[in-house]
1. At 0.36 nm per residue, minus the direct Cα-Cα distance, what do residue 151 and residue 453 gain on full extension? Give it in nm, one decimal, please.
2. Where a Cα-Cα gap under 24 Å defines reach, which lysines qualify for residue 275, not counting those fewer than 8 residues away within the same chain?
3. How large is the convex hull of the C-alpha atoms of the chain per residue, in Å³?
4. Grab the beta carbon distance between residue 172 and residue 239, set R0 = 51 Å, and tell me the FRET efficiency rounded to 0.05.
5. Multiply the residue gap between residue 109 and residue 202 by 0.36 nm, knock off their C-alpha separation, and tell me the result in nm, one decimal place.
6. What shape does region 296-362 take by its C-alpha gyration tensor, where a ≥ b ≥ c are the square roots of the eigenvalues and a/c under 1.5 counts as rounded, a/b above b/c as prolate, and the rest as oblate?
7. So with the 1.4 Å probe, I'd like the accessible area per residue for the chain, rounded to whole Å².
8. Put +1 on the Cβ of every Lys and Arg and -1 on every Asp and Glu Cβ in region 198-451; which of 371, 348, 293 then has its Cα farthest towards the positive end of the dipole?
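The values are calculated or read from the model by the stated rules, or taken from the named source; none is laboratory data. The structure displayed is predicted, hence computed values, not measured ones. Backbone-built Cβ (ideal geometry, glycine too); neighbour counts: all protein chains shown. Just so you know, the surface numbers come from the protein's heavy atoms only, side chains and all, with ligands and any DNA or RNA stripped out. Shrake-Rupley method; radii C 1.70, N 1.55, O 1.52, S 1.80 Å.
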Amino acid sequence: MKKNSSNTMALAPNTSNKRETVCIFGTGDFGRALGHKMIQSGYPVVFGSRSTQTSPLIPKDAEVLSHAEAAQKAAIIIIAIQRQHYNFLTPLAEILHGKVLVDVSNNLKINQYPESNAEYLAQLVPGAKVVKAFNTVSAWALQSGTLDASRQVFVCGDDMEAKQMVMDIVRALGLTPLDQGSLLAAQEIENYPLQLFPMWKFPIFLSLGLTAFFFFYSLTRDVIYPYVYEKEDFSFFIAISIPNRICPVLALILLALVYLPGVFAAIIQLYRGTKYRRFPDWLDKWMLCRKQLGLVALAFASLHVLYTLVIPIRSFVRWRTSNQIVSQALNNVTESLNITNAWLSDSYLALGILGFFLFVLLGITSLPSVSNNVNWREFRFVQSKLGYLTLILCTAHTLVYGGNRFLSPSSYRWYLPNTYMLSLIIPCIVLVVKFVLILPCLDKPLTRIRQGWERNPQYSE
């Protein structure tokens with residue numbers, strides 16, 4: 001009874017300036033890094049280890065004791081040991097009764113075990129209060145102090161008081177705790193560090209698929225076709241010309257795909273007459289990765305700019321320019337300036353410059369450090385209003401570039417249209433449908449629906 005009473009008292013909130021002693025089981029990389037960080041934050045730290053011999057790797061202000069002795073000195077014990085070594089905790093069940101055990105472990109693959117490591121720990125030591133935390137912070141980040149990328153710490157547990165104590169430690173270390181609820185959330189928290197760019201998979205695979213398609217499409221039109229019919233070798237187009245066709249095409253298509261799910265969502269809401277029904281799973285996932293789609297589109301647009309800048313120094317371009325000059329000199333003919341072509345050329349360049357400027361602005365405002373400093377209305381204005389303006393400018397840039405070549409038979413080699421013609425399909429669909437949706441007859445009911453009005457109130461039940 002006396003032992004349990006002391007444990008209960010230890011769990012009481014600390015109102016003094018002196019911080020409570022924290023025990024860390026495990027002297028590996030993460031345990032040492034976390035211990036060093038906690039000592040810097042004013043926490044007395046005691047390590048529990050199989051070997052009590054001192055080591056130069058252990059923080060000098062920390063004490064190293066056996067597991068049993070270390071556990072008796074602290075109410076909060078951080079288990080910095082892999083799951084397969086948890087069995088040593090079973091003989092310590094009486095000592096650990098009533099104490100807070102913080103599980104920081106991760107697995108080698110997603111859903112490696114039927115239950116989470118934290119739930120398994122709770123089964124081994126049923127009298128302890130298990131909390132999951134710190135598994136999303138790396139030892140390297142703790143040691144180097146570069147915690148900007150991993151400042152958030154997910155915390156979950158069944159005991160509110162124990163969870164609050166762990167969250168206080170997280171704050172004291174300069175990190176941001178995020179309460180994820182009960183211990184049932186531990187499985188998801190443990191899977192989080194194992195996910196490799198979860199929101200980037202669809203944008204990357206889509207862009208790779210489109211890149212492969214347009215590469216072979218352009219290869220067929222611009223290299224194979226001239227070789228078959230004109231016996232000309234334009235294989236060097238693979239280095240600059242074809243990539244400079246693919247990059248703007250993908251940039252425009254991916255940018256349109258950023259705004260296409262919003263159009264679908266508006267149509268679905270108008271059809272259903274309510275905003276309280278979930279969108280289809282495919283649309284939900286599509287909308288969640290719109291930021292990543294936009295950033296990939298910006299990357300392709302930036303490559304297009306770089307490829308365009310090197311065009312004047314290309315050997316093929318210099319040869320063609322000098323050949324035209326020599327031809328005019330030999331024929332004693334001077335071509336007069338075509339004002340129409342000059343206007344078209346300057347217009348599509350100006351539209352491209354303005355579109356790329358707004359494109360970069362969209363990318364900058366999507367950064368957390370920037371988006372956190374603007375309110376929702378400002379963010380929505382940039383990402384929605386300026387985003388559609390960017391799509392309009394980039395689409396107009398492509399349309400003006402095409403000019404009258406849309407009607408030229410030479411633009412259809414083997415009946416295949418030019419790549420920029422294909423790139424206009426999705427953007428034009430998005431802009432046309434968006435224009436229809438902003439008509440008052442549709443915009444007003446859509447606004448009412450998004451404000452909570454329902455055509456059939458039964459869906460809100």
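1. Residue separation times 0.36 nm, minus the Cα-Cα distance, leaves 104.8 nm.
2. Partners within reach: 285, 291, 385, 434, 444.
3. Considering the Cα atoms of the chain, their hull volume per residue is 235 Å³.
4. Numbers: r = 56 Å, r/R0 = 1.10.
My answer for the efficiency is 0.35.
5. 31.4 nm
6. Oblate is the answer for region 296-362, as a/c is 1.5 or above yet b/c matches or exceeds a/b.
7. Per-residue value: 57 Å².
8. Most positive-ward Cα: 371.
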